[in-house]
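So the structure is just underneath, and the comments pick up after that.
The values are calculated or read from the model by the stated rules, or taken from the named source; none is laboratory data. From a predicted model like this one, the values you see are computed outputs, not experimental measurements. Positions of Cβ are generated from backbone atoms using ideal geometry, with glycine treated the same way; all protein chains shown enter the neighbour counts.
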Amino acid sequence: MLSGICFGQTAPTISGVKFDGKTYFPSDMISNTPTIELLLSSEGASALQVEIAADSQGLYSGPANNGVFIFSVPNARKIPPGTHTIIISAVDSIGGSAEVFFEDLNVMGEPLKLSGLTAYHQVFSPEKSEQAIISYNLSDNTPLTVLFYNSSGDLILGKYFDGGDKGGKTGFNQIYWDGKDLSGHVVRSGYYVLKFIIGNKSVGTIKIIVMD
């Protein structure tokens, strides 16, 4: 939950706080190097000193002025994955101060990556008992979905691989396509696009050509 403390008769105010462009809600998910935006206001002074921390880990300490303040956490100070409280404090030049807390923010780990996407038999003929062999690397164990589209953009097949199993494990993976659709029928000649999905994000595509 959000809470705040103000000290002094003309204490500065901290408002409009956003993490990665979104207004705070408890249990929100943010990146490990979030961009933090806030609005500072002090009636008694224009110069302020701002400090931002994740629990006891200092993220920023430095000057700011009245108005919009934007800070992006650098890679050198990335926040560890897990649940954290972000603390933002401001002190103006005449001694007024304010502090706000943003609790239960869930910090994501490193984004999962797919690399080295290649195909052997990128042009193949199911009628000759050939099959496409698709290879790729994953940065971590993760569930992976591969969607197959024909040249008209119609979905003709989907393959799902559990995280940690073949197709969804850390490092090198290899999957196969025999040129058949969801009904088990050999598809028509033409090109097909394979889209690789982690979570709800496309992380790679490759084109396969089927011949008679």
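Does the stretch 99-119 contain at least one residue that is touching a residue at least 12 places away in the same chain (Cβ under 8 Å), among the hydroxyl-bearing types (Ser, Thr, Tyr), closer than 20 Å to residue 198 by Cα and not in a strand (DSSP E or B)?
Looking for residues that are touching a residue at least 12 places away in the same chain (Cβ under 8 Å), among the hydroxyl-bearing types (Ser, Thr, Tyr), closer than 20 Å to residue 198 by Cα and not in a strand (DSSP E or B), one finds none in the stretch 99-119, hence no.
Name every residue in the stretch 70-86 that is of a type outside the set (Gly, Ala, Ser), within 13 Å of residue 19 (Cβ to Cβ) and not in a loop (DSSP other than H, G, I, E, B), in order of residue number.
Those that are of a type outside the set (Gly, Ala, Ser), within 13 Å of residue 19 (Cβ to Cβ) and not in a loop (DSSP other than H, G, I, E, B): 70, 71, 84, 85, 86.
Got a sec? Which of 55, 28, 20 is acidic (Asp, Glu), at pLDDT 90 or above, closer than 20 Å to residue 103 by Cβ and in the same structural domain as residue 95 (by TED's automatic domain parsing)?
The match here is 55.
So which of 42, 46, 27, 93 ends up being of a type in the set (Ser, Thr, Tyr) and touching a residue at least 60 places away in the same chain (Cβ under 8 Å)?
On inspection, the qualifying residue turns out to be 27.
Take the residues in the stretch 170-184 that are in a strand (DSSP E or B) and over 17 Å from residue 157 (Cβ atoms), then tell me which one is modelled with the lowest pLDDT.
171
Looking only at the stretch 50-69, count every residue that is part of a loop (DSSP other than H, G, I, E, B) and in contact (Cβ under 8 Å) with a residue 12 or more places away in the chain and tell me the total.
Residues flagged as part of a loop (DSSP other than H, G, I, E, B) and in contact (Cβ under 8 Å) with a residue 12 or more places away in the chain within the stretch 50-69 amount to 2.
What's the number of the condition residue 118 fails, among (1) within 30 Å of residue 132 (Cα to Cα); (2) surrounded by 14 or more Cβ atoms within 10 Å (Cβ to Cβ)?
Every listed condition holds for residue 118 apart from (2).
Kindly indicate which of 149, 160, 192 is among the aromatic types (Phe, Trp, Tyr) and closer than 19 Å to residue 130 by Cα.
Result: 192 is the single residue among 149, 160, 192 that is among the aromatic types (Phe, Trp, Tyr) and closer than 19 Å to residue 130 by Cα.
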